[in-house]
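Peer 1: One structure is given below, represented as structure tokens, and several questions about it will come after.
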Amino acid sequence: MELKVINQPAASCTTGRCPTKDPVGTSDHLSPLPGRVLEKVNNHPCFSEGAHHYYARMHVAVAPACNIQCHYCNRKFDCANESRPGVVSELLDPDQAVKKALAVAAEIPQTSVVGIAGPGDPLANPERTFSTFRGLKKHAPDIKLCVSTNGLQLPQHVDELVKHNIGHVTITINCIDPAIGARIYPWIFWDHQRLRGEKAARILIDQQLKGLEMLVQRDVLVKVNSVMIPGINDQHLKEVSRVVRAKGAFLHNIMPLIARPEHGTYYGLTGQRGPTEAELIALQETCSGNMKVMRHCRQCRADAVGLLGEDRGAEFAMDELENKELDYKIAMEKRAVVHEVIERQRTKQRQTRLINGFLKSELTPLRYKTSMYAPVRMAVATRGENVINEHFGQAREFLIYEASSDGVRFLGYRKTDLYCSGPDSCGDSATALRNTIRTLQGCKVVLCAKIGFEPWSELEAAGILPNGEHAMEPIEEAVMEVYRELIEKGALSPRDALYKGII
Ligand code: CLF
Ligand code: SF4
């Protein structure tokens, strides 16, 4: 069946530079959570999928040392618990970290959380970590504090974490079976000794689970990160999910192993592969029966700044901040205003969604009509605020959604080379465009604010429908609308026909 074009390309830019039951998705619907939990996650971009469209996080890299070794980590690179490989550009002392965090939070008022996630383990560097938190608490009490740890020293520090009002903790738990652990962790440093093998893994796992239970008892929200390592722990992570849920974890974040020879890690050098996107999504699906899973993690750097999909770290080099005068009180007032505006915007979007969902389900037999058709994947270019507001050529990543008779659900994101970054990169644009199109494989539609003629034609030739008609519209509503349009225009094969092999 020939696919029909939904709209026309905008002006040329060739040289410039959660499973849901409602029709439009529930990624920003946190209302079923108890009030005190809702308050904790509502503006945390990692603990709430909806919040990540609006709120920014910042990491301060104050923790150089680590007390274990993971086969996916090279100390010269960011902590793979929380970040993609890439050197931390600046290691900070606590005073510098506080200064930088306050400058960032003044400049980017969407900042709602400051986390310590490396480059080593925050709790293997407790003085530096807690000294940083103390400074932040004093000068920016409105900012949430967050920490990510391998868990080895967690039980010893639970009291201190609670005392410093750390409301969110991430523990990386890759396994609960020491035999599997011995294949992930070559050693741990424990009780003044380097321990290896299953004995070491057993200690680490016991500490992680004990720390999890202690935090839950103290009402701290715990997210568990797991690195999915095909052939090692992929089959086992469902059990990890079950156990950590039973112990009270709030969220499970299953991240793909990133292992390349150039990173110099054991896995990278020995050819251990990471999971495919399909394998990752399948495992996330399986685990989502156990507990809520995180799909929007960007595996960010230990010095990341900004919205999850962007990294503005380079804008805040320490030498430029050293002498900067800041008025903490005014910065905090500005944040309060901006956060209030964001919340009003989110409330309005939720109300519109509810009204639209209600009207459409009342006035059109949506479920009946769409259930005849297979789900469709769509890529979305966005700069945040949960709307389609990014030019195709400037998108550094695309969010991937799936539309079906059950509504819209967020599947994850795919990074791309920047297709259009100005005249300097013009020569590379053809290759970058080809790579971008390869990145979008499996998507039927790409939704963006604007797109030039050349990429438009290339996308069409690759069987991907470019669509710029829903610029500035809320993402989930637009995805559902396009799904309906595809059905109306006869661009989708009826599911029954597909199943019977007629088409
Ligand atoms: Fe940072 Fe981690 Fe706190 Fe978020 S990140 S310490 S919980 S504030 Fe977030 Fe980054 Fe994924 Fe981490 S997207 S790597 S989950
Ligand atoms: Fe690296 Fe983090 Fe593992 Fe330590 S816990 S070895 S810093 S990935």
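The values are calculated or read from the model by the stated rules, or taken from the named source; none is laboratory data. Keep in mind it's a predicted model, so treat the numbers as computed, not measured. All Cβ positions, even for glycine, are placed from backbone atoms using ideal geometry, and neighbour counts span all protein chains on display.
Peer 1: All but one of (1) assigned to a loop (DSSP other than H, G, I, E, B); (2) at pLDDT below 90; (3) more than 21 Å from residue 296 (Cβ to Cβ) hold for residue 418, so report the exception by its number.
Peer 2: For residue 418, the failing item is (3).
Peer 1: Which residues, taken from the range 185-207, are within 14 Å of ligand 2 (Cβ to nearest atom), surrounded by fewer than 22 Cβ atoms within 10 Å (Cβ to Cβ) and in a loop (DSSP other than H, G, I, E, B)?
Peer 2: Correct list: 186 only.
Peer 1: Looking only at helices (runs of 4 or more DSSP H) that fall completely inside the range 255-325, which ones have 1 or more residues that are β-branched (Val, Ile, Thr)? Quick ask: steps written out before the conclusion?
Peer 2: Working: elements: 266-270, 277-288, 318-321.
Those helices (runs of 4 or more DSSP H) span 266-270, 277-288.
Peer 1: Filter the range 212-230 down to residues that are within 16 Å of ligand 2 (Cβ to nearest atom) and of a type in the set (S, T, N, Q) and give me whichever is farthest from residue 268 (Cα to Cα).
Peer 2: Filtering the range 212-230 for residues that are within 16 Å of ligand 2 (Cβ to nearest atom) and of a type in the set (S, T, N, Q), the one farthest from residue 268 (Cα to Cα) comes out as 225.
Peer 1: So, one more: When only residues in the range 105-154 that are touching a Ser or Thr at 6+ places or on another chain (Cβ under 8 Å) and among the hydroxyl-bearing types (Ser, Thr, Tyr) count, which is farthest from residue 71 (Cα to Cα)?
Peer 2: 148
Peer 1: Sticking with this one: Inspect all residues belonging to the range 461-468 and state whether any of them is surrounded by fewer than 22 Cβ atoms within 10 Å (Cβ to Cβ) and either part of a helix (DSSP H, G or I) or at pLDDT below 90 (or both).
Peer 2: Yes, the range 461-468 contains a residue that is surrounded by fewer than 22 Cβ atoms within 10 Å (Cβ to Cβ) and either part of a helix (DSSP H, G or I) or at pLDDT below 90 (or both).
Peer 1: Out of the range 140-155, which residues are more than 13 Å from ligand 2 (Cβ to nearest atom) and either in a strand (DSSP E or B) or farther than 22 Å from residue 39 by Cβ (or both)? Spell out how you get there, then give the answer.
Peer 2: Looking only at the range 140-155, we keep the residues that are more than 13 Å from ligand 2 (Cβ to nearest atom), and these are 140-146, 155.
Residues satisfying the conditions are 144, 145, 146, 155.
Peer 1: Further, regarding this structure: Would you mind stating whether residue 130 is within 13 Å of ligand 2 (Cβ to nearest atom) and either more than 23 Å from residue 300 (Cβ to Cβ) or part of a helix (DSSP H, G or I) (or both)? Before you say what the answer is, go through the steps one by one.
Peer 2: Numbers: within 13 Å of ligand 2 (Cβ to nearest atom): no; either more than 23 Å from residue 300 (Cβ to Cβ) or part of a helix (DSSP H, G or I) (or both): yes.
Judged against the criteria, residue 130 is not a match.
Peer 1: So, of the residues in the range 113-135 that are within 13 Å of ligand 1 (Cβ to nearest atom) and aliphatic (A, V, I, L, M), which turns out to be nearest to residue 161 (Cα to Cα)?
Peer 2: As a first pass, look at the range 113-135 and keep what is within 13 Å of ligand 1 (Cβ to nearest atom): 113-119, 121-123, 129, 132-133.
Still in the list and also aliphatic (A, V, I, L, M): 113-114, 116-117, 123.
Values: 113: 15, 114: 14, 116: 12, 117: 14, 123: 10 Å.
The residue in question is 123.
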